Amino acid sequence: MKAKADVPIPAIIQVDGKADISARIERLPITRPVFWTRNVIGAATFFDGYTVIAIAYAMPVLVQQWSLNPQQIGLILSMGYLGQVIGAVLFGSLAERFGRLKILLCTILLFVSMDIACLFAWGALSMMLFRFVQGIGTGGEVPVASAYINEFVSSKGRGRFFLLYEVMFLLGLVGAGLIGSALVPRFGWQAMFAVGLIPAAILIPLRFFMKESPRWLAGRGRYHEADSIVSNLERSAIASGHVLADPQPASGAPTKSVTDWRELFQEIYRRRTLTIWGMWFSSYLVANGIITWLPTLYRQTFNLPLETSLRYGLLTSVAGVIAAVACALLIDRVGRKRWYVTAFLLAPIPLASLAMLGATNATQVLILAGLAYAIVQTITFSLYLYSAELYPTRLRAMGTGFGSAWLRLGSSAGPIVVGWIIASFGIQYVFGVFACVLLAGATITALGGIETKGRALEELSP
């Protein structure tokens, strides 16, 4: 193997200032550096998922300790998502200007520092404030990380490779459930935020071993830096025994390099932008409305013991991970649009059943709401893949960030809607409303979605 490592890169892929960096990436296999880069970013995304849902497992204790009403519960659950709206738009734009890695470091530092602040929250208002600021960091991390990972990978197998990374976010949700079930009954709600400090110790040092996105560097005219990174990836592939084909520039290779947010609403991107916004909003309103409220519903509405309430919430998160892994393994075969339309149409069935049955006991909710959540989760966790495929490199982080702002709006609206409907009408009406929202998402996707599987990023987005 050592001899192979010394094999020179063929002259055809040596780079001058005009070389097509994207074409070279397109014929690369998944190299060891890219594999480990995904794992490091995945670890950050794990704690992003953990941080997002940690409050749901702290809430059954906080309700009693702070004497919270349903509206206050909904606001506390939602404030983090409102902050994420700002983070997604702000950091997505900054990543286009300053690069992916610098902005990723900023987002991690922000959400870790606010995790410390949450440990010292003394009431509903302080928790709302700290969760709002923390949300700015978590809202920026995921879209920037998603653009970064996508830009290292070729179109072949991109869906599976990227979505197996995105599973880390869902594992963060499960990790929060496991930790909440184990620690909160014994050590109190603060344990959820103490564990969230781990990424500061592990991830920040590892960030300095990663390289900037070569596609972003090339788009900024920094060809020699991009060449150095891609050349190392090529050497890694050759050292692993791969024979590299000649690079084939995509027919739709981009001709622009200047970032302008207005382009999101021009020509082919207008329809894509509006469609992905509708998909983000409808799917996340339902998914986060369900998952953030379930532990509290089991405890307050069905009077289950605290341990049982947290365990039931954990089971729902586990169901979401199982469904997401199935999606990751199959979506390259099924196709993005077909999968999304089908999932949007299937998930309302158990929700409508709950509405008609009246959601009268915890078992009904556990089975039917858990099934609906698992189906919707295959949409929510894979939309970062789909969003990144809809835009060119010059717009990718911004377009994904702007789109995921609607994720945050939907996520913040979900808990508030649940709290208001429960207080005003009753729990069964929550599930009926959620079914209608998902049907609207199916219509939007069927009318405006495009198929992206198996196509190079430059081919999809000129």
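Structure summary
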item: Number of the exception - Leu383 against (1) surrounded by fewer than 22 Cβ atoms within 10 Å (Cβ to Cβ); (2) closer than 14 Å to Ser146 by Cβ; result: (1)
item: Any chance Arg311 is farther than 24 Å from Leu68 by Cβ and either of a type in the set (D, E, K, R) or crowded, with 21+ Cβ neighbours inside 10 Å (or both); result: no
item: Residue, nearest to Gly180 (Cα to Cα), within the stretch 47-66, restricted to residues that are aromatic (Phe, Trp, Tyr) and part of a helix (DSSP H, G or I); result: Tyr57
item: Residue satisfying all of: in the stretch 8-22; at pLDDT 75 or above and either basic (Lys, Arg) or surrounded by 19 or more Cβ atoms within 10 Å (Cβ to Cβ) (or both); farthest from the chain's Cα centre (by Cα) among these; result: Ile21
item: Residue within the stretch 123-131 that is of a type in the set (D, E, K, R) and modelled with pLDDT under 85 present; result: no
item: Members of the stretch 46-87 that are within 22 Å of Leu285 (Cβ to Cβ) and in contact with a Lys or Arg (Cβ under 6 Å, 6 or more places away or on another chain); result: Met79, Gly80, Tyr81, Gln84, Val85
item: Residue match in the stretch 58-70 (condition: touching a residue at least 60 places away in the same chain (Cβ under 8 Å) and within 19 Å of the chain's Cα centre (by Cα)); result: no
item: Complete set of residues in the stretch 324-352 that are among the small types (Gly, Ala, Ser), touching a helix residue (DSSP H, G or I) at 6+ places or on another chain (Cβ under 7 Å) and touching a residue at least 60 places away in the same chain (Cβ under 8 Å); result: Ala324, Ala328, Ala347, Ala352
item: Count of residues meeting criterion [crowded, with 20+ Cβ neighbours inside 10 Å and in contact with a Lys or Arg (Cβ under 9 Å, 6 or more places away or on another chain)] in the stretch 410-448; result: 1
item: Which numbered condition Asn303 fails, given (1) in a helix (DSSP H, G or I); (2) at pLDDT below 85; (3) not acidic (Asp, Glu); result: (1)
item: Meets criteria (on the phi > 0 side of the Ramachandran plot and at pLDDT below 75) for Gly454; result: yes
item: Test for Ser154: is it within 30 Å of Pro392 (Cβ to Cβ) and over 18 Å from the mean Cα position of the chain (by Cα); result: yes
item: Cross-chain or 6+ apart pairs with Cβ under 8 Å, the stretch 122-137 first and buried (at least 24 other Cβ atoms within 10 Å of the Cβ), then part of a helix (DSSP H, G or I) and of a type in the set (Asp, Glu); result: Gln134/Asp115
item: Filter result (assigned to a helix (DSSP H, G or I), aliphatic (A, V, I, L, M) and either under 19 Å from Val321 (Cβ atoms) or in contact with a Gly (Cβ under 8 Å, 6 or more places away or on another chain) (or both)) within the stretch 335-353; result: Val341, Ala343, Leu346, Leu351, Ala352
item: Test: residue in the stretch 399-409 that is farther than 26 Å from Ile76 by Cα, buried (at least 24 other Cβ atoms within 10 Å of the Cβ) and out of contact with any His (no Cβ under 8 Å at 6 or more places or on another chain); result: yes
item: Qualifying residue in the stretch 284-297 (condition: over 20 Å from Leu164 (Cα atoms), out of contact with any Gly (no Cβ under 8 Å at 6 or more places or on another chain), modelled with pLDDT under 85 and not aromatic (Phe, Trp, Tyr)); result: yes
item: Checklist (1) more than 25 Å from Met127 (Cα to Cα); (2) at pLDDT 80 or above applied to Ala5, failing item; result: (2)
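Residue-by-condition table, conditions (1) crowded, with 22+ Cβ neighbours inside 10 Å; (2) on the phi < 0 side of the Ramachandran plot; (3) at pLDDT below 80:
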{"residue": "Arg32", "(1), (2), (3)": "no, yes, no"}
{"residue": "Ala44", "(1), (2), (3)": "yes, yes, yes"}
{"residue": "Thr51", "(1), (2), (3)": "yes, yes, yes"}
{"residue": "Gln65", "(1), (2), (3)": "no, yes, no"}
{"residue": "Pro70", "(1), (2), (3)": "no, yes, yes"}
{"residue": "Gly87", "(1), (2), (3)": "yes, yes, no"}
{"residue": "Ala95", "(1), (2), (3)": "yes, yes, no"}
{"residue": "Thr107", "(1), (2), (3)": "yes, yes, no"}
{"residue": "Leu119", "(1), (2), (3)": "no, yes, no"}
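The values are calculated or read from the model by the stated rules, or taken from the named source; none is laboratory data. Given the structure is predicted, the values throughout are model-derived calculations rather than measurements. Every residue, glycine as well, gets a Cβ built from its backbone with ideal geometry; the counts of neighbours run over all protein chains shown.
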